[in-house]
Amino acid sequence: MHLILHCRASLVYPHDDVADWEIRFTAAAQHRGEYHTAHCYPGKRPQFKIHHVTQNGGLYKRPFNEAFEETPMLVAVLTYVGYGVLTLFGYLRDFLRHWRIEKCHHATEREEQKDFVSLYQDFENFYTRNLYMRIRDNWNRPICSVPGARVDIMERQSHDYNWSFKYTGNTIKGVINMGSYNYLGFARNTGSCQEAAARVLKEYGVGVCSTRQEIGNLDKHEELEKLVASFLGVEAAMAYGMGFATNSMNIPALVSKGCLILSDELNHASLVLGARLSGATIRVFKHNNMQSLEKLLKDAIVYGQPRTRRPWKKILILVEGIYSMEGSIVRLPEVIALKKKYKAYLYLDEAHSIGALGPTGRGVVDYFGLDPEDVDVMMGTFTKSFGASGGYIGGKKELIDYLRTHSHSAVYATSLSPPVVEQIITSMKCIMGKDGTTLGKECIQQLAENTRYFRRRLKEMGFIIYGNEDSPVVPLMLYMPAKIGAFGREMLKRNIGVVVVGFPATPIIESRARFCLSAAHTKEILDTALKEIDEVGDLLQLKYSRHRLVPLLDRPFDETTYEETED
């Protein structure tokens, strides 16, 4: 039995019933083994060869090298032991605080509220008091310069074990910035972007003081949206004032109760929040694992909604272009092939990938050479590659018109600031080459070169590095809790600012340092940073790699790892 369907339901309105039942019949036939999809596994990069998706040709037009080295067993055991010791000492210190032997710095409930239910979960309080406070000095460091290749950091000290900080009045000058999302180097206070923003600031002022639907819709906003649509290769686009809200406020406008969301397990908090606010059923698939995603799609179509077994109104797949904690790139050709096969919709978050991937900087769609029309909802932010703030949604004109009147972020949020809009317009024109220069193209090429060079050197040193070889987000694994704070402090001593990340932002045994590369980084800057990272790696014994790289899809597939949230 071989059935190929071409009917599509609307992303805004429910599926057509006939199409739904035909799709369910197809999936049921496949479940019985009557419908076959060919799979080929060249080397260690599994690919779906789906016969009825021909417009993309071969699914991958370029090498896709992405590997995650397994955590050494001894390191994993020692990491758990480290957290266990910290937990024991935490309970001991809480006992001492209770009897006022140790001074209590954390906030406590007032006497008249002692019988109230606590505002915070007990473990959150415990974790903050006894683990986070030990390394709190590694975060929220105030910088007092442009977040370019180098930054100036205000020096501070703590005399009560990080419960409070005092500023010394000194500034640490010229710290190499390895943490900002300034991928293309447009976060600067000189050049065409700064000059254009200054002109608009003089003409329009800073704030708009109204929403787009009232009296806050400027000609600059209209110009920006037309430019974004042209840049993405879609019919229309809409800009928002906050990247986080672009996800969290627009997903509830697209899906609701009776719809199904299939979300990657490592999706950003904004996507998770938007999915939860929508009221739709959420099912989570393993990170970048197409076998896991396809199983959920099959089950969703064969079995429908729980209890009633009615077809889902819509099925929406949520993925990111670059995953900001893993450094991995979404397997977009395979996701699109599955989306077409099962008639689902695709929501692509390109917050980190737009500007940073692809020969023309148009993100992960450009990187794989795909058709933008294959992505139903294209989301991205202006906060990273464009050196500004805000976010956008791109897609069909009907989709954008619908969001203009149904998205909370569009209806209630204040419009983007005019100088910020001009910064985005100028930087985007530069990337597109519309400014009459080749600066944008050079920045894209420089970022790609920096990424490959930096990743290769770290691997050669013996560090465990996660992610795709073309991803400018480079996680270096630290694992043990004591090494999170030690790495950040030692790097700052050597005039290098890094971001260290631990639980709950990562799994408890996968603490890491996250480097973000920029086109503004010169080879000399990278070599200086690499030299210091090498020294700190030896000092803290961070070179765990045994050069046994395990591609993600070669990991054992376990159906019990699925998570499901029902209404």
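Does Glu214 count as part of a loop (DSSP other than H, G, I, E, B), more than 28 Å from Leu297 (Cβ to Cβ) and of a type in the set (D, E, K, R)? Even if it seems obvious, please write down each step before you answer.
Values: part of a loop (DSSP other than H, G, I, E, B): yes; more than 28 Å from Leu297 (Cβ to Cβ): yes; of a type in the set (D, E, K, R): yes.
Yes: the conditions hold for Glu214.
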> Consider Gln446 against the criteria (1) open to solvent by 10 Å² or more (accessible area, probe 1.4 Å); (2) assigned to a loop (DSSP other than H, G, I, E, B); (3) touching a Leu at 6+ places or on another chain (Cβ under 9 Å); (4) not aromatic (Phe, Trp, Tyr): it satisfies all of them except one. Which criterion is unmet?
Replying inline: (2)
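Just to be sure before I move on: is Leu201 of a type outside the set (Phe, Trp, Tyr), in a helix (DSSP H, G or I) and either under 24 Å from the mean Cα position of the chain (by Cα) or assigned by the TED database to the domain that holds Pro419 (or both) in the structure I sent? Give the derivation first.
Working: of a type outside the set (Phe, Trp, Tyr): yes; in a helix (DSSP H, G or I): yes; either under 24 Å from the mean Cα position of the chain (by Cα) or assigned by the TED database to the domain that holds Pro419 (or both): yes.
Answer is yes for this residue.
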> Do we have any residue at all in segment 399-420 that's polar (S, T, N, Q), at pLDDT below 95, assigned by the TED database to the domain that holds His352 and within 22 Å of Ile317 (Cβ to Cβ)?
Replying inline: yes
>> Could you tell me how many of the residues in segment 281-295 are outside any strand (DSSP E or B), closer than 25 Å to Ala505 by Cβ and either aliphatic (A, V, I, L, M) or outside the structural domain of Ile322 (by the TED database) (or both)?
In response: 1
> Could you say which residue among Glu422, Glu460 is open to solvent by 40 Å² or more (accessible area, probe 1.4 Å) and part of a helix (DSSP H, G or I)?
Replying inline: Glu460
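Picking from Leu348, Leu293, which residue would you name as being more than 30 Å from Val500 (Cα to Cα) and crowded, with 24+ Cβ neighbours inside 10 Å? Give the derivation first.
Details: Leu348 fails: more than 30 Å from Val500 (Cα to Cα).
It is Leu293.
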> Can you tell me which of Arg546, Arg489 is open to solvent by 40 Å² or more (accessible area, probe 1.4 Å), more than 22 Å from the chain's Cα centre (by Cα), over 22 Å from Ser324 (Cα atoms) and at pLDDT below 95?
Replying inline: Arg546
>> Of all residues being surrounded by 12 or more Cβ atoms within 10 Å (Cβ to Cβ) and among the polar types (S, T, N, Q) in segment 60-110, which is farthest from Tyr161 (Cα to Cα)? Just the residue, please.
In response: Asn65
> Taking segment 352-374, which residues are open to solvent by less than 10 Å² (accessible area, probe 1.4 Å), part of a loop (DSSP other than H, G, I, E, B) and in contact with a helix residue (DSSP H, G or I) (Cβ under 6 Å, 6 or more places away or on another chain)?
Replying inline: Ser353, Leu357, Gly361
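When only residues in segment 492-502 that are open to solvent by 20 Å² or more (accessible area, probe 1.4 Å) and in contact (Cβ under 8 Å) with a residue 40 or more places away in the chain count, which is farthest from Glu532 (Cα to Cα)? Talk me through it step by step, then tell me what you get.
First pass over segment 492-502, keeping only residues open to solvent by 20 Å² or more (accessible area, probe 1.4 Å): 492-495, 499.
When the remaining residues are screened for being in contact (Cβ under 8 Å) with a residue 40 or more places away in the chain, the result is 492, 494-495, 499.
Values: Leu492: 10, Arg494: 7, Asn495: 9, Val499: 15 Å.
Here the answer is Val499.
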> Is it true that some residue in segment 121-135 is open to solvent by less than 40 Å² (accessible area, probe 1.4 Å), touching a strand residue (DSSP E or B) at 6+ places or on another chain (Cβ under 6 Å) and closer than 30 Å to Asn450 by Cβ?
Replying inline: no
>> Suppose we filter segment 410-419 for residues that are buried (at least 22 other Cβ atoms within 10 Å of the Cβ) and within 16 Å of Asn247 (Cα to Cα); how many remain?
In response: 1
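Results for (1) at pLDDT below 95; (2) closer than 19 Å to Tyr342 by Cα; (3) of a type in the set (Lys, Arg); (4) over 19 Å from the mean Cα position of the chain (by Cα), shown as yes or no for each residue.
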| residue | (1), (2), (3), (4) |
| --- | --- |
| Leu262 | no, yes, no, no |
| Arg276 | no, no, yes, no |
| Ser292 | no, yes, no, yes |
| Arg307 | yes, no, yes, yes |
| Pro311 | no, yes, no, yes |
| Leu316 | no, yes, no, no |
| Ile322 | no, no, no, no |
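For segment 249-266, check the following and say yes or no: at least one residue is open to solvent by less than 20 Å² (accessible area, probe 1.4 Å) and without any contact (Cβ under 8 Å) to a residue 40 or more places away in the chain. Quick ask: steps written out before the conclusion?
Of all residues in segment 249-266, those open to solvent by less than 20 Å² (accessible area, probe 1.4 Å) come to 250-251, 253-255, 258-264.
Still in the running and without any contact (Cβ under 8 Å) to a residue 40 or more places away in the chain: none.
Taking every residue of segment 249-266 in turn, none turns out to be open to solvent by less than 20 Å² (accessible area, probe 1.4 Å) and without any contact (Cβ under 8 Å) to a residue 40 or more places away in the chain.
The values are calculated or read from the model by the stated rules, or taken from the named source; none is laboratory data. From a predicted model like this one, the values you see are computed outputs, not experimental measurements. Methodologically, a virtual Cβ is constructed for each residue, glycine included, from the backbone with ideal geometry; neighbour enumeration extends over all protein chains shown. Just the protein is used for accessible areas: all its heavy atoms, side chains included, with ligands, DNA and RNA removed. Shrake-Rupley method; radii C 1.70, N 1.55, O 1.52, S 1.80 Å.
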